[in-house]
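Q: Dumping the structure here so I can ask a few things about it.
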Amino acid sequence: MAREYEAFRARSRRDLFLGIAVYAYQNRPLDGYYMEFGCHRARTLCAAWDAFHVLFDWRYVAFDSFAGLPEIPEIDRSPAWSPGGLCTSEEEVVRILVEHGMPRDRLITVAGFYDRTLTPELAARLLPTRAAVIYVDCDLYSSTVPVLEFVLPFLQRGTVLVFDDWFCFHGDPQRGERRAFRELRERHPGLRFEAFLATSEAQAFIYLGDRREEGA
């Protein structure tokens, strides 16, 4: 049964990325980074590479502590999470991706907990290239908040923003990635997003732009 469950999850992830690839191909040019926040076992990065690399010359940026989850604050307490859990080393992630066929020069890794590494200096080094796809697999509200603020300058019209854990915490809008995304939109009310693809785990949105910049 566990094998069937994991096979279903893998198919859902594949279909999600293939759907994004069709969308991006239809809306050319949509260029830039594939950014992923939370890279345990590199399975999602492998699926992204499989879906995108034939059509797009994107670079892949893997953000992770590579030391597992941080201390779990009260708002994120759940039997599913524990400090140090979901840990795959940076070296192992790189090895898996290179053996899967991703050229090493197409991969950038950023190691460390997000509240320390997602700095204006890092953003300046990665810019002016924007993001085509941003995959948020942070699990925790406390980890998602700094990620969403960091990615703001990388958004371009058409960027696909995916939340891998949208239905964690029973889909409670007061917890997890849902709460972080809602609060981001409250802090930045001009940002426009359109709901896109969804699976039993993930929810994707398309970024349409900032009303303030458009003069709306």
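Since every read-out is calculated from the coordinates, none of them should be taken as a lab result. Just so it is clear, the model here is predicted, and its values are computed rather than measured. Here Cβ is always computed from backbone atoms with ideal geometry, including for glycine, and neighbour counts include all displayed protein chains.
Q: Write down the percent of antiparallel bridges among all DSSP beta bridges whose residues are both part of the chain, to the nearest 5.
A: Numbers: 10 of 29 bridges.
Rounded to the nearest five, the antiparallel share is 35 percent.
Q: Ok, one more. Which distance in nm do the two modelled labels at residue 108 and residue 55 give, with both placed 7 Å along the Cα-to-Cβ direction?
A: My value for the distance between the label points is 2.3 nm.
Q: Give me the compactness ratio for segment 50-97, meaning the Cα radius of gyration over 2.2 N^0.38 Å.
A: Cα-based Rg divided by the globular estimate yields 1.56.
Q: Applying 1/(1 + (r/R0)^6) with R0 = 35 Å to the Cβ-Cβ distance of residue 174 and residue 122, what FRET efficiency is obtained, to the nearest 0.05?
A: 0.70
Q: Report the relative contact order of segment 128-186, percent, no decimals, based on alpha-carbon pairs under 8 angstrom and at least 6 residues apart.
A: Once divided by the residue count of segment 128-186, the mean separation gives 43 percent.
Q: So, one more: In the chain, if every C-alpha pair distance is counted and binned at 10 Å from zero, what percent goes to each bin?
A: Calculated over all Cα pairs of the chain, the distribution is 8, 35, 41, 15, 1, 0 percent.
Q: Normalised by the residues of segment 93-216, what does the relative contact order come to in percent, with Cα pairs under 8 Å and at least six apart?
A: RCO, segment 93-216: 22 percent.
Q: Cut-off 10 angstrom, C-alpha nodes, Gaussian network model of the chain. Which of 68, 32, 85 fluctuates the most?
A: With Cα springs under 10 Å in the chain, the top fluctuation among 68, 32, 85 is at 85.
Q: Sequence gap at least 6, Cα distance under 8 Å: using those rules, report the relative contact order of the chain to the nearest whole percent.
A: Values: 353 pairs, mean separation 41.0, N = 216.
Relative contact order, the chain: 19 percent.
Q: Another one. Taking every pair of distinct Cα atoms and averaging 1/r, then inverting, what Kirkwood hydrodynamic radius in Å comes out for segment 16-89? Before the final figure, lay out the partial values.
A: On the way: mean 1/r = 0.0709 Å⁻¹.
One over the average 1/r among Cα pairs gives 14.1 Å for segment 16-89.
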